[in-house]
Structure formats: C-alpha cells, structure tokens
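The values are calculated or read from the model by the stated rules, or taken from the named source; none is laboratory data. Quick caveat, the model's predicted, so the values are computed rather than measured. Heads up, the Cβs are rebuilt from the backbone with ideal geometry, glycines too, and the neighbour counts pull from every protein chain shown. Accessible surface areas use protein heavy atoms only, side chains included; no ligands, DNA or RNA. Shrake-Rupley method; radii C 1.70, N 1.55, O 1.52, S 1.80 Å.
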Amino acid sequence: MDTFLTDLARLLSLQDANTRTVLLGTGTLGLAAGVVGCFATLRRRALLGDAIAHAALPGICLAFLVVGSRSFPAFMLGALILGAFSAGVIAMVRAYTRVKEDAAIGIVIGSFFGLGVVLSSMIQKRPGGAVAGLDGFIFGKAASMTSADAIATSLVAGACLLVVAALYKEFKALCFDREFAASQGWPAVALDLIIMALVCACTVAGLPAVGVVMVVALLIIPGAAARCWTDRLGVMLLLAGLFGLGAAVIGAALSATLPAPPGSLSRGWPTGPLIVLSAAAAFLFSAVFAPRRGLIARLLAHRTEIVAP
Amino acid sequence: MRPSANSATLDLRAPAATANGSATGIAIEVHDVTVAYHRKPVLWDIDVSIPAERLVAIVGPNGAGKSTLLKAILGLVPMASGSVAIFGRTLREARKFIGYVPQRESVDWDFPIDALGVVLMGAYGRLGWFRRPGRAERARAMECLVRVGMTDFASRQIGQLSGGQQQRIFLARALMQDARLYLMDEPFAGVDAATEHAIVGVLRELRAAGRTVVAVHHDLQSVQDFFDHVVLLNTRLIAAGPTREVFTTANLQRTYGGRLTVLDEAAEAVKHATP
Amino acid sequence: MTAPDLTSGDLWTIAVAVCCSVACGTIGCFLVLRRLSLLGDAISHAVLPGIAVAFMLTGSREPWAMLGGALAIGLLTAGLATGVRRLGRLPEDAALGVVFTSLFALGVLLITWVAPSIDLDPGCVLYGLLEFVPLDMVTLIGADAADSARIAPGQFAATPTLEVPRALLWQAGLMLGNLTLITVIFKELRIASFDAALATTMGLSAAVVHGLMLTSVAATTVISFEAVGSILVVAMLVAPGATAQLLTDRLGRMVMLSGVLGASAAIIGYLLAVWLDASASGMISVVAGSQFAVAAVAAPRYGVVGKLIRNARLSQRIAREDVLGLLYRVHESGDSRPASLPHAQVLRAVAPGFRSRLACWQLRAAGLIQGMSGDELSLTPKGVEQAAQVIRAHRLWETFLSRNLPLPLDHLHEPSERLEHFLTPEIQAKIAAEVGDRSDPHGKQIPSP
C-alpha cells in the first residue's frame, strides 16, 4: 500500500519525464472529450459516439493488417475511417429505411465490434500478432502510449477545443433552438456535421486511454457532472473539461500504480474502467452535493418550503 | 430612419422604409404552394398575398397546416411545388428582414442558458460567423427585455420561467432581430393574462412602426380585437383578406366544418403511390 | 479449401448458439418496435457487476447466483437511468449512458480482480465463451461418469447415455421461456407496443407487460452472456428484429422471421468461424449485421433498391401518361383525322432525355401510339381511350379545385398536371358526384369513364 501511494504521488506530481507526456496526452484528451461531449449530449447524439467507438475496433485491426506492425497513426486513421463510416451508415439507415436510429446504433455496435473481435482473434493467432497490443484498445491502456502518441493526441484535442471556441455561439444556437437558428440562415446540417466530426475525433483520440467500450463515458459523464453546478453553458463547458481532465489523469495514474491483482501475470489494471469510475464518482458527488441543483440542496429547499409558514 | 445594426438603442417608433418606397406593399407572396409531410400532401395549392404593415392572423382548426405554412415560408420544410416571395425577394435575400417566434415545443428547456442569453441569440444573424455578442448587443437585449416587461428575469435559467414568461422571452429575441416581418407560431398559446396584454402591446407598437406581423392564432374570440387581416386555412386556403370582410360566420363554418374528404383521400393516394 | 470436419462438440456449440440467437432475436423484436434497443444495450452492459459479484461470492460461475444478482441489476438499470435523469436533469440517452458505462466499468474491474484466480480472460465478458461449451457436459440419461469408468473401452454401455452441455440446457430453457412468454402474452405485447395508453384503458396494464418484457431481456442477457458476451448480445437482440422489420408488416411474422434469421446467423456464423479459425461469437454477430445490410438494400418493399425501382417505375408511368395527355389534347383540337405531333416536340414537352424516349417506346409497344421515332406520333384508338382517362382525371381535379379552393383559372392546370396521375377511379367517382363531370372550368368536355 505504501509503495502504491508513493508511486501515485510521484506520478501525479509529474516528476517522471516519460509518464509526464502520457498524463498530459490523456489529460488534454479528457479535457476535449468533456467539452465536446457537452454538445453531443445537448444534441442527443451521445450514444452515437458509442457506435463510433465500437466501430473503431475493426478499423484498428484492419490498419494493423495493412501496415503489418503496430503503428499509432495508422491505428488512429483506421479507427477514424471506420468510425466515420459507421456514423454515415446510421444516418443512412435513419433517412432511408423504416428502422429507427436506436436500432441502427445497436446493430452497428454489435456487428462492427463483432467484426473487430473476429479480426483481432485472427491477428492474435498470427506470429507477431500478440505484439499489436490490440487488447489495450478494448479496455484502455494509457501506459502503452509513447510520448509521440501522447503529443499527437494532445494536438487533436487542442484542435477540437479551437473549433469549439470559434463556433461557440453557433453550436449554442443550434443545440438550443435548431429551428430558430435555421430561420436565421445558419446551416444547421453543416454545423451538425461539424459536431459529429468533433465527436468522432475525440472518440478516436480517446481509444488508447479509455478503450473502445467505455470511451463514450468520457463524453457523457463530465458534462453531466458539470451540469449540476451551473445553469450557464460557458461555465458548464469549463467544468466539464476540468472534470474530464481530472478523471483521465487520475484514472491513468491509478492504472499505472495500483498493485496488480493477486496471481495475475503482468496484466495490470486496464485504464478505461478506472477513468470511467473516477468520472462517475465526480458525477455522484456533483449530483448530491452541488448547491442549488444537487440532491441535498433540493431536499433542504423543499424542507424549508414546508416548514416556512 | 432605420436603426443601424450597431446602434445601442432600438427605436420601434421609427417607421420602416419599404422596398419600393410606397407606404404599403405585399409582405409575402405565396404562389401555389403545396407542402408534403412524409410524402403526403398537407397543404394544397396555397395561393395568397399577405399585405405589409398589418397584423395578420392565420386561423384554422388543428392539423390545418398553419405552422407548416409558416415553416414553408421560412424554408424550414421543403415545398413540393410553388414558390414564396418576401418583399419581392427570395428567402435567401429576405432572411435578414424576418424575425421568427417558433412554438415553445421545439425547444430544449433544460438547456443551460438564461433569459438574456436567449434574447442575445436574436443578434447572432447580424453578427455573422465567429463574432461574439458584445456590450452593444447586451444593451439592446436589455431594452428588448424592457419592452416585454421581463428585465427582472434576465439571469434566470430559461426552464425556470412559466409558459407566458418563456413566450415573452421568445418575443424579445425576435424584437432583437429588428425585423420588418415577424412570423409568430401561436404566440398566445398557453399564456397568462399579463403576458397576453404584454404581447398585444408589443404587436401594436410594431404595427405603428410600420412592421408586419403574421401570427398563427388559435383563439377565435380575439381575432377581431387584435388582427386587422386574416387568413383562413384548412389544408387549403378558405379565404384571406381584411378581418372585417373575411371573418364571417359562413367562412368560419367552411374553415372549421371538417375536412374535404376528397382531399384527404387524394393525399392518401399520393402517399400510397409514392415509394 | 476442404470443408472442415465438424465434431460432436461443434454440433453442440451450434445448438447452443442457435438457442441463444433465437431467444435474443425474438424478444428483441419488441425492443426494436418500442425504440428500446439502447435499453437492451444498456442492460447487457449493466449486468456485468452483478455477474462479477455473484462470481466472487460463490467462487464459480454457478448459474443461479449469477442469474439472481444480474437480473436484479438488469431490472434496476431502467430505474437507475430514470433516477439519474431526474437527479442530473439529463436527456434520457445520456442518463442511460452514465448508468451503464459506470456499472460496466465496475464490472470490468471486479472481473479483472478475480480473473487470475480462476484463469479467466477478462475480455470474455465481451465476446463470450462459446468455444468452451462442449467442455462442461451434464448427464441427462444413463450412467454417470463414475459408472462409465468401470466399463472397459470398446464395450457397449449397459444403458444408453445422453450428455448435453450445461450451456445448452440453459439456452434451450431460455429460448423456450421467451417463446412461451411471447406466445402467451402476444396480443398484450402487440397492443402495448403500439399504443400503451390504449392498452391500459383496456385493462391490460402496459406497465406489467413492460416489466415482463424487461425481465425477459435481463434474463436473456445474463444467460446469453456466457455464450456470446455482453456486446454481442446487443447485436443478437437488435439485428434479427430490425431485419425482420424490413421484410414484413405483420408482428407474428416478424417474430418468427427474427427467430429464423437469428438461427441462421448462428449456424452460418459458427461455420465461418471454424473455417477461418476466428472468434465464433464475433462471426455470428457479423453475419447478423450482414443480414440486416442485405435486407436494407434488397428487401422487396422496404429496401433501398426496391424503393429506387418503384420510384423509377412511378416516374416512367407519369411520363407515359404525360405523353398520352399531350397527344390527346392535340387530337381533341383537330378534326376526325388523327392528329399528330413531331416526336422531338413530344420529347421536349414531357420529360428530360431518356425518360420520355422510353415512354414513347413503351406506349408504342403497348399499341397505344403509332409512328416511328424521328417521325410524327399519334394516338391509336386504344390510345385515345387510355388518354381520355388521364384527361378525365386532370379535368375532374381542375373542377374540384375551382369549386373548393379560391384559385384563379390559370392556376388550375399545373396542380392538376401533378395530381392526375394519382386519382384512383374511386376518387374520380366521388369528385364527379360532388361537382359533376360534364365540363371543366375552361369549358372543355370531361371524357366519360
């Protein structure tokens, strides 16, 4: 236990050079995902991010098959292409068939992920397949990111934040009252596509840290936590970014330092679940303790209403 | 004198100049417009001229297509046939002259935004891409809140307001657009007496300032009090003209007396045949 | 490639997969219809901590404990999501996302913790353990293992034995359970799916039906989890039902089709997996997804290709009727000699390019017009009859419009040009009865039916 805490403290104080960049990469990613995720949730597109994430797995496997070895940029590109493709498939099913969007998302999640599992199982059996580290993309393994990977992730995260800053009022108008925005002449469809592209980028960038299955949580939960503290969009975005950053950093740090489960080989703890649970803890805390909107605040207000004459 | 886009004050008493310089003209020319929803026609061959500088009511039973007509004029729903001209221009050119007050149902009321923030959205069109609202816009937004009597609620989250208060905020947002033509979808639906009073006051000021208001209105009792021009609609045009002339028992019977079965059957036939 | 040899182990596994797919696909129909697919997704993720805890408490994958714990959480998922939605003022899908990702994360951590002590790969929670099915056999009939040891190899056993995989008992039971439930409350499910308010007023509590359906989904998820894992349960819950939705309009057929589709996906998927030496559960869900893709494109009524074809056919019919109408008007205005129009003029007037050429060709082939291309075209007597019907529809509509809509005379032609192709004889008769069918507002005669 002692070594765990000292390790953790050391990690979080950013003294270790190579872990510094990994934490930075994970942190900026958490920041961007938290912010972008707010808009995805406001546009009711949160679970579309889940579909994109699950579709990324076959993309990563295909990239490995094409390139022949582990290559972070190739993996990310493969994930992006398949992710965008899956979003397009869902949009087309919604537009051109009688099948509704939720069913389309479910089908994509199940079958694209199934394809990923198939490809991954075939890859594992080849020589050199185990080195691919594909397993790390399922539940997340922040430690497998090199500093070059982390820098690339930070750049993507930064670009997403820039787009949000530039188009802040346009996104705000679109999410609050799409009809009014369209009546003013704003290109609602194009703005929607930009939001989806940002979701795609953050989802894909989040895969190494959080993994395919749970990256959508990094989009949803920080925003949900932030919402409890404020009624203003700007403040909400800021808080969501901070919660995302904190959850990502804490989760990554814990996964690197927690003692491995008894009897395991060198497997260690996957990062994804730790990040998600950190974020969930933040949400629970916010939902219960936030002033005015939190559970306790509302219960107290209710009681004073009854008690007051 | 038209207020400039950047001026801090909004003078509603200043009359608006019209395109051809004359005192009155046609605000909206609807030419043979048919609108389909899910392949089924819901508005049939609407052909009507709406005059400028009037308060115009669009009246009809539920499902008559009144909101659909407004949305078709604004380009929010596609037209199966026909065309619309606004002050003699296409929609694209005329957008900057149009203010829109949509129905309250279309909005996400849990959205983290306060009343002032909603009103500021009215300035977004003028600001264009990337620019943020500044001090001038905030001042104008506060003035619009004064006009609708909602200054005390400026920093309230929008979901905490009552229906009537929300409606007034929407109206303030439209006033922020400083438009020549206002399209309002059921502005009086579900509002309290104070709000109704406030809205009527704003409408009358707008008319005095030479603006045009076209509102979908559901309450037959008040049409004659508030509106000087009326359009009677029931999936097709029944009649349109000055309220005195058109708002007759005979016309109302035709409007509210049930739908034309032939039109309904033809609509079904079109929907059925279209893949 | 030679066909792979299927062992009896393979056959048992296929049986398990089939039962699982049928169970998921049939109850999944109702998730698809009621737009609850994502709730199915959520439940299949949320049950994981329940399974993990039961695991840890009992030290084995003892089914009853797993079933109980996981079922509880599965049923709670919807309630938890509602709670989170109210607590955080979130939209519904976001609340669901918060709940199931958090629970799933918890489950993964728990499983990771116990996994080394029972030699379990944590990834199996996602894609199941189909390959291990034949390893856990249960004796149904006959001598058990201890007795069989006393029988020398090669000798016939004194009594016939029947061993089945434990998983098969569970999956078959699940399948029968789901099918029974669906059959017994079929009409309740049908009403509750389409109109919950109506169902409740008729005394069939929609809430009860909803609860039964959710219980079934949770049980299905937990039991199938071992076979195909949580993420792939989602595919088997949703894909067969959605595919069936594209193939039929009737609920009973939809449920049966989804069962058939699920079973075939299981068989084909497993065989492909053996052939390619890949993950069986992954392959099954890929096949299920492919079935949906094929149906989305090729389904006769609701597939994209079918729609495109029907669209093209409609446009072609409209073009043909336009040609007939055009030639009729010319015929009408002339004397008894058959009037004609140059081919090129007809082409220009009717529709762009290929469409009008094809229309003329089709009309010629049907004996409705005469005249070669590049020449003059005119109506045959049979063509006159057909064209008259088109004109009848056109002029009836003009009359109807002029009586009921305040449209000026010159605004009547265009709408009637569009509507004339859709007015059935019934509608025409109704219009004729209402406004008479002698002449149209322009004074032209309306042809008789």
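Which members of the stretch B:79-103 meet the condition of being in contact with a helix residue (DSSP H, G or I) (Cβ under 9 Å, 6 or more places away or on another chain) and over 18 Å from A:Gln184 (Cβ atoms)?
Passing the criteria: B:Met79, B:Ala80, B:Ser81, B:Gly82, B:Ala85, B:Gly88.
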Check your understanding: For the stretch B:242-270, what are the residues that are open to solvent by less than 10 Å² (accessible area, probe 1.4 Å) and facing another protein chain (nearest Cβ under 10 Å)?
Key -> B:Val262, B:Leu263, B:Ala266, B:Ala267
Review point. Quick check: anything in the stretch C:247-259 small (Gly, Ala, Ser) and under 25 Å from C:Gly9 (Cβ atoms)?
Key: yes
Check your understanding: Just for the stretch A:162-178: of the residues that are more than 8 Å from every other protein chain (Cβ to nearest Cβ) and open to solvent by 30 Å² or more (accessible area, probe 1.4 Å), which one is farthest from B:Ser106 (Cα to Cα)?
Key -> A:Leu162
Review point. Does C:Gly282 fit the bill of being open to solvent by less than 10 Å² (accessible area, probe 1.4 Å) and over 17 Å from the mean Cα position of the chain (by Cα)?
Key: yes
Point to revise | Within the stretch B:117-140, tally of residues that are facing chain A (nearest Cβ under 8 Å) and within 15 Å of B:Arg173 (Cα to Cα) | key: 7
Review point. Can we say A:Arg98 is over 18 Å from the mean Cα position of the chain (by Cα) and either within 12 Å of another protein chain (Cβ to nearest Cβ) or of a type in the set (Val, Ile, Thr) (or both)?
Key: yes
Exercise for review: Look at A:Ala240 and say whether it is open to solvent by less than 10 Å² (accessible area, probe 1.4 Å) and more than 29 Å from B:Trp109 (Cα to Cα).
Suggested key: no
Practice item. Report whether or not C:Val47 is modelled with pLDDT of 80 or more and at the interface with another protein chain (Cβ under 9 Å from one of its Cβ atoms). Key: no
Practice item. All but one of (1) in contact with a Lys or Arg (Cβ under 8 Å, 6 or more places away or on another chain); (2) open to solvent by 40 Å² or more (accessible area, probe 1.4 Å) hold for C:Gln345, so report the exception by its number. Key: (1)
Check your understanding: Which ones in the stretch C:1-44 are of a type in the set (Val, Ile, Thr) and either at pLDDT 85 or above or touching a Ser or Thr at 6+ places or on another chain (Cβ under 8 Å) (or both)?
Key -> C:Thr13, C:Ile14, C:Val16, C:Val18, C:Val22, C:Thr26, C:Ile27, C:Val32, C:Ile43
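So that you can scan it fast, the table gives a plain yes or no per residue for (1) surrounded by 15 or more Cβ atoms within 10 Å (Cβ to Cβ); (2) without any contact (Cβ under 8 Å) to a residue 24 or more places away in the chain:
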{"residue": "C:Lys382", "(1), (2)": "no, yes"}
{"residue": "C:Ala387", "(1), (2)": "yes, no"}
{"residue": "C:His411", "(1), (2)": "yes, yes"}
{"residue": "C:Phe422", "(1), (2)": "yes, yes"}
{"residue": "C:Pro425", "(1), (2)": "no, no"}
{"residue": "C:Glu434", "(1), (2)": "yes, no"}
{"residue": "C:Ile446", "(1), (2)": "yes, no"}
Practice item. With the condition kept exactly as written, say whether any residue in the stretch C:261-279 is under 13 Å from the mean Cα position of the chain (by Cα) and either more than 9 Å from chain A (Cβ to nearest Cβ) or in a helix (DSSP H, G or I) (or both). Key: yes
Exercise for review: Spot the failing condition for A:Leu8; the list is (1) under 30 Å from C:Gln245 (Cβ atoms); (2) in contact with a Ser or Thr (Cβ under 9 Å, 6 or more places away or on another chain); (3) in contact (Cβ under 8 Å) with a residue 12 or more places away in the chain, and only one is missed.
Suggested key: (1)
Check your understanding: Only one of (1) of a type outside the set (S, T, N, Q); (2) open to solvent by 20 Å² or more (accessible area, probe 1.4 Å); (3) more than 7 Å from every other protein chain (Cβ to nearest Cβ) is not met by A:Met145, so which one is it?
Key -> (2)
Practice item. Give me a count of the residues in the stretch C:78-103 that are within 7 Å of chain A (Cβ to nearest Cβ), under 18 Å from C:Leu126 (Cβ atoms) and open to solvent by less than 10 Å² (accessible area, probe 1.4 Å). Key: 2
Revision key, fill the gap. Among (1) under 19 Å from B:Gly99 (Cα atoms); (2) open to solvent by 10 Å² or more (accessible area, probe 1.4 Å), A:Ala181 falls short only on (2)
**Study point:** One residue from A:Ile60, A:Ile107 being modelled with pLDDT of 90 or more, within 14 Å of chain C (Cβ to nearest Cβ), in contact with a helix residue (DSSP H, G or I) (Cβ under 8 Å, 6 or more places away or on another chain) and surrounded by 24 or more Cβ atoms within 10 Å (Cβ to Cβ)
**Key:** A:Ile107
Check your understanding: Condition test on A:Ala159, is it touching a residue at least 40 places away in the same chain (Cβ under 8 Å) and open to solvent by less than 10 Å² (accessible area, probe 1.4 Å)?
Key -> no
Review point. Hey, any hits in the stretch A:112-131 for a residue that's surrounded by fewer than 24 Cβ atoms within 10 Å (Cβ to Cβ), aromatic (Phe, Trp, Tyr) and on the phi < 0 side of the Ramachandran plot?
Key: no
Exercise for review: Considering each of C:Thr215, C:Thr221 in turn, give the residue that is within 14 Å of chain A (Cβ to nearest Cβ), in contact (Cβ under 8 Å) with a residue 40 or more places away in the chain and not aliphatic (A, V, I, L, M).
Suggested key: C:Thr221
